[in-house]
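One structure is given here, and the rest of the page talks about it.
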Amino acid sequence: CTSIVAEDKTGKLYHARNLDFGLFLGWDVKNSSWTITEELRPLTVSLDFQRNNKTVFKSSNFAGYVGMVSGMKPGIFSLTMNERFSIDGGYIGIFQWILGKRDGMWMGFLTRAVLENSTSYEDAKDQLTKTKLLAPAYFILGGNRTGQGCVITRSRLSTLDIWNINTNGGPWYVLETNYDHWEDPFVLDDRRTPARRCMDRITPENISLPTIFDVLTTKPVLNKLTVSTTLISVTDSRIETYLLGCPDPCNPW
Amino acid sequence: LAKDPYAEECRNESYPPSGPRFKGNAPVYIINLDLPPSKRWDQLINDKKVQLKTLTDTMRGIMTAFFPSGKVVHILEKELTLLSATLPYPFREEIEGIAKASGIPLGEIVMFNVFYEIFTV
């Protein structure tokens, strides 16, 4: 996955992500594609969660999955989740859960609860930072005013790092793939460098959802694992999800 | 290391999406949180149950490829069915509702919903 939160020169925030999934889960030789990736695309939906006929939050989701990986609370905050691989992975959390140690939360359930119940960027950040998890993750959070954007790097039990935008001399955007931002990405899976190169060309003067879409659909940021691209503007209460493929020649990940 | 052969120059003016990379818009559904959790997903699942069945069949097929006897898949599905009873409100009820609406075994729907935790090793 690749998630970006960026702030333009007026302080307006944009949030977008590529959802990549299906690595090593069946390769279709005939069509040169990942089987699960292709099967997730027709399951991708935009959801509008309502109570009393009023929108509580919106998300981009898979039919049949009740957790959240991308969503927005209109006018308040936006949230995406990127996968974080670790030896101390979710299988340990599941094992502990089965044995009765149930003080951690399932990743998708936490993001759903945050989107449903949190009332501010700070509240969402607090929940995503402090809640114990069953699996490690990256949470990418955006808000509705200047400086409200961050990447939260989570292990199962604690927060390893919070990387903020535009405060104390921080960058005008944060960009997360599937590696800790303070370390180099795996050399055979470096989507970060090309994505950053494209973002740096855009500058805060020209950043917008269409220009972020340009970044996310540039190969190898776009790759054979990409299921969809979601664009979010909290201020405009706007969330758009497009199903994407990567025609050959294209990186398998 | 050689330069990435498939990398390209940064794209420009690709929005609104079109061309061979664009596979369509995600359809929009309303999820009514005023409904009982077991009923919230009925309309969506009714529309997508064929695609969901295709996916869960593929996941089962991949596991069977790793463990051809089928015993591991059987045990996993049985355990995941039991696991559903431990999931918190309203997720347990929603997952059970999805299994009922789709006609897909509960264990397979649970697996789809906890796949992230399984996959992060």
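The values are calculated or read from the model by the stated rules, or taken from the named source; none is laboratory data. Since the structure is predicted, the reported quantities are computational estimates derived from the model, not experimental observations. Ideal geometry is used to build each Cβ from the backbone, glycine not excepted, and the neighbour counts take in all protein chains shown.
Would you confirm, using the coordinates I've provided, whether residue A:138 is closer than 21 Å to residue A:55 by Cα and under 17 Å from the mean Cα position of the chain (by Cα)?
Here the answer is no, as residue A:138 does not meet what is asked.
What number of residues within segment A:114-155 satisfy the criterion of being aliphatic (A, V, I, L, M), assigned to a loop (DSSP other than H, G, I, E, B) and in contact with a Ser or Thr (Cβ under 6 Å, 6 or more places away or on another chain)? Break it down into steps so the answer makes sense when it comes.
Within segment A:114-155, the subset aliphatic (A, V, I, L, M) is A:114-115, A:124, A:128, A:133-135, A:137, A:140-141, A:151-152.
Applying the additional criterion that residues be assigned to a loop (DSSP other than H, G, I, E, B) yields A:134-135.
Next, from what is left, pick out any that are in contact with a Ser or Thr (Cβ under 6 Å, 6 or more places away or on another chain): A:135.
Summing the residues that are aliphatic (A, V, I, L, M), assigned to a loop (DSSP other than H, G, I, E, B) and in contact with a Ser or Thr (Cβ under 6 Å, 6 or more places away or on another chain) in segment A:114-155 gives 1.
In segment A:110-127, how many residues are surrounded by fewer than 20 Cβ atoms within 10 Å (Cβ to Cβ) and either within 11 Å of chain B (Cβ to nearest Cβ) or within 23 Å of residue B:112 (Cβ to Cβ) (or both)? Quick ask: steps written out before the conclusion?
Kept after step one, since they are surrounded by fewer than 20 Cβ atoms within 10 Å (Cβ to Cβ), are these residues of segment A:110-127: A:113, A:116-117, A:119-120, A:122-123, A:126-127.
If we keep only those that are either within 11 Å of chain B (Cβ to nearest Cβ) or within 23 Å of residue B:112 (Cβ to Cβ) (or both) too, we end up with A:113, A:116.
Matching residues across segment A:110-127 total 2.
Answer yes or no as to whether residue B:79 is assigned to a helix (DSSP H, G or I), under 23 Å from residue A:68 (Cα atoms) and among the charged types (D, E, K, R). Give the steps one after another, and end with the answer.
Working: assigned to a helix (DSSP H, G or I): yes; under 23 Å from residue A:68 (Cα atoms): no; among the charged types (D, E, K, R): yes.
Spelling it out, it is not the case that residue B:79 is assigned to a helix (DSSP H, G or I), under 23 Å from residue A:68 (Cα atoms) and among the charged types (D, E, K, R).
Name every residue in segment A:182-218 that is over 18 Å from the mean Cα position of the chain (by Cα), of a type outside the set (S, T, N, Q) and either part of a helix (DSSP H, G or I) or within 11 Å of chain B (Cβ to nearest Cβ) (or both), in order of residue number.
Once the filter is applied, which keeps residues that are over 18 Å from the mean Cα position of the chain (by Cα), of a type outside the set (S, T, N, Q) and either part of a helix (DSSP H, G or I) or within 11 Å of chain B (Cβ to nearest Cβ) (or both), segment A:182-218 yields A:187, A:188, A:197, A:198, A:200, A:201, A:202, A:204, A:205.
How many residues are in contact (Cβ under 8 Å) with a residue 24 or more places away in the chain and part of a loop (DSSP other than H, G, I, E, B) when one looks only at segment B:88-108?
5
From B:116, B:89, which residue is touching a strand residue (DSSP E or B) at 6+ places or on another chain (Cβ under 9 Å) and closer than 20 Å to residue A:93 by Cβ?
Result: B:116 is the single residue among B:116, B:89 that is touching a strand residue (DSSP E or B) at 6+ places or on another chain (Cβ under 9 Å) and closer than 20 Å to residue A:93 by Cβ.
Within segment B:11-62, work out how many residues are aliphatic (A, V, I, L, M) and surrounded by fewer than 18 Cβ atoms within 10 Å (Cβ to Cβ).
Of segment B:11-62, the ones aliphatic (A, V, I, L, M) are B:26, B:28, B:30-31, B:33, B:35, B:44-45, B:50, B:52, B:55, B:59, B:62.
From the residues that got through so far, the ones that are surrounded by fewer than 18 Cβ atoms within 10 Å (Cβ to Cβ) too are B:28, B:30, B:33, B:35, B:50, B:62.
Residues flagged as aliphatic (A, V, I, L, M) and surrounded by fewer than 18 Cβ atoms within 10 Å (Cβ to Cβ) within segment B:11-62 amount to 6.
Among the candidates A:64, A:90, A:104, single out the residue that is within 20 Å of residue B:91 (Cα to Cα) and modelled with pLDDT under 95.
A:90
Quick check on my filter: what residues within segment A:163-179 are part of a strand (DSSP E or B) and either more than 24 Å from residue A:208 (Cα to Cα) or in contact with a Ser or Thr (Cβ under 6 Å, 6 or more places away or on another chain) (or both)?
As a first pass, look at segment A:163-179 and keep what is part of a strand (DSSP E or B): A:163-164, A:173-176.
Residue satisfying the conditions is A:176 alone.
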